[in-house]
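First the structure, in the form of structure tokens, and then the observations on it.
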Amino acid sequence: MSDHKMATVRQVVAALEELAPLSLAESWDKVGLQVGDPDRPVKKVMLSLDSNDEGVIDEAIAKGVDLIIAHHAMIFRPVQTVRTDTPYGRKLQKLLKHDIGVYVAHTNLDIAEGGINDILASRLHLEQVEVLSRVHNTRLKKLVVFVPSTHHEQVLKALGDAGAGWIGNYSHCAFNMQGIGTFVPQAGTDPYIGEQGVLEKVEEVRIETIVSDANQGKVVAAMLAAHPYEEVAYDIYPLEIMGEELGHGRVGNLVQEMTLKQFAEFVKVQFGVPAARVVGPHDRIVRRVAVLGGSGEEFYPAALNKKADVLVTGDIRYHYAQDALADGICLVDPGHNTEKICLPSLQAYLEAKVREREYEVEVILSETNTEPFTFL
């Protein structure tokens, strides 16, 4: 008998949302479960760039897929009718008839650390990578807890291991101060130290550390589990300082400078495309690169502000290209569909999460080509 557990749609997408929380998505975006029942059992998941593609849906049916996880939405604009004599209605009918769920992770996956744009930046071997255009900052709080000296190290380690105390590239950061804690256990208590009705004085350590808003629940749970007291004394204070910067696109430096022509050829190879549109003098030397998956022409001023020599993004229109050229930044457009190169990394992430939770779930990649353009 297998030790693996049956997973539901809800449980599978919860694992993905650890990487790309829905709260990161832009307000206009349509993300989350768009088709299907969150409590439906899942044995096979298929990752695809596009969900609103009949070839992808037919592939999912043929392969016995229970859940499609896609970057581009199945439902984006309001649906006025579900007429099955239309291409769109027929696709929805197929999904519902075969009980296939569709979950969408779009701008939340673009923005997430380790998401689409970090993967694209890594494919270009960029160094000293930073966010191109800020959307959010993680909210930070200060956590203060009082611990008996005997359990100081135990609680301190539990806090750090759960993710508290991250400042830049340093983990387990905390301030520790010794003092005397006093309390009187009242009727109905079962104190770890002392006895009912008697004032107790205990050598304690005040631990102060930083916790992100997103990680607060996990950290507090770990702290309470490691703390010996029946009633734990702790405080959480909101802070004015901003935490990690999160946003669209990435900017960084090439390992070695090259001409714009050489760089465009490099992009073609790394992104697996047959052609790329190039804006700018082919002999221009480029070293600092901005990259943004999907359609990102409007971010070229942000790339200029970050002192990028070139912006790599899809769907660049004529007048944006002219304006960028006049403003002194080069552009390389390998197309919107290049985001598909991120799918193997997401597959590896989700497979690791599934194994960790011992779910009986197979994660596959769609083999359907959803690129609408060909090059002659």
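No lab work stands behind these numbers, since they all come straight from the coordinates. Quantities reported herein were computed from a predicted structural model and do not represent experimental measurements. Reconstructed Cβ throughout: ideal geometry from the backbone, glycine too, with neighbour counts over all protein chains shown.
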**Asked** Whose amide H sits under 5 Å from the amide H of residue 248, counting only residues 5 or more places off or on another chain, with H placed in the peptide plane?
**Response** 133, 135
**Complete:** Note on segment 225-376: alpha-carbon gyration tensor, axes a ≥ b ≥ c; rule is a/c under 1.5 for rounded, else prolate if a/b larger than b/c, else oblate; result oblate
**Asked** By how many nm would the segment from residue 236 to residue 364 lengthen if fully extended, with 0.36 nm per residue of separation less the alpha-carbon distance?
**Response** 41.9 nm
**Asked** For the chain, how big is Rg over Rh, using alpha carbon atoms and the Kirkwood form of Rh?
**Response** 1.07
**Item:** Cα gyration tensor category, rounded, prolate or oblate, for segment 135-244 with a/c compared to 1.5
**Value:** prolate
**Prompt:** How much length is gained if the chain between residue 82 and residue 94 is pulled fully straight, taking 0.36 nm per residue apart and subtracting their Cα-Cα distance, in nm to one decimal?
**Reply:** 3.1 nm
**Message:** Springs between alpha-carbon pairs under 10 angstrom, Gaussian network model over the chain: which of 271, 183, 175 fluctuates most?
**Reply:** 183
**Asked** Hey, can you rank 128-134, 45-51 by average C-beta count inside 10 Å, highest first?
**Response** 45-51, 128-134
**Asked** Which of the aspartates and glutamates could be linked to residue 268 by a straight reach, that is with a Cα gap under 14 Å, when you skip same-chain ones fewer than 8 residues away?
**Response** 333, 339
**Request:** Would you mind computing, in nm to one decimal, how far apart the modelled labels at residue 357 and residue 33 are, each placed 7 Å from Cα along Cα→Cβ?
**Result:** 1.2 nm
**Fill in**
Per GNM of the chain with C-alpha springs under 10 angstrom, the most fluctuating residue out of 136, 172, 125 is 172
**Fill in**
Expected vector for segment 38-55, Karplus 3J(HN,Hα) from phi with 6.51, -1.76, 1.60 and θ = phi - 60°, integer Hz, x for Gly and Pro, equals x, 9, 6, x, 10, 10, 9, 10, 10, 8, 8, 5, 10, 9, 8, 9, 5, x
**Vicinal HN-Hα couplings computed from phi for segment 110-116 (Karplus, 6.51 cos²θ - 1.76 cosθ + 1.60; Hz; Gly/Pro x)** = 5, 7, 4, 5, x, x, 3
**Fill in**
Per-residue ellipticity at 222 nm attributable to helices in the chain (runs of n ≥ 4 DSSP H, -39500 (n - 2.57) apiece, nearest 500 deg cm²/dmol) works out to -8500 deg cm²/dmol
**Fill in**
Over all Cα pairs of segment 45-202, the Kirkwood radius sets Rh, and Rg/Rh then becomes 1.25
**HN-Hα J in Hz across segment 283-290 - Karplus 6.51, -1.76, 1.60, θ = phi - 60°, x for Gly and Pro** = 9, 5, 7, 10, 9, 9, 10, 9
**Prompt:** If each of residue 136 and residue 345 carries a label point 7 Å out from its Cα toward its Cβ, how far apart are those two points in nm?
**Reply:** 1.8 nm
**Asked** Among 38, 21, 87, which one shows the biggest mean-square fluctuation in a GNM of the chain, springs joining Cα atoms closer than 10 Å?
**Response** 87
**Prompt:** Roughly what % of DSSP beta bridges within the chain run antiparallel, to the nearest 5?
**Reply:** 70 percent
**Request:** List the trypsin sites (Lys or Arg not before Pro) within segment 20-78 that fall in a DSSP loop (any state other than H, G, I, E or B) and whose Cβ has at most 12 other Cβ atoms within 10 Å.
**Result:** none
**Prompt:** Going highest first, how would you order 70-78, 289-297 by mean Cβ packing within 10 Å?
**Reply:** 289-297, 70-78
**Prompt:** Using 0.36 nm per residue, how much length does the chain from residue 315 to residue 172 gain when fully extended, once their Cα-Cα distance is taken away?
**Reply:** 47.1 nm
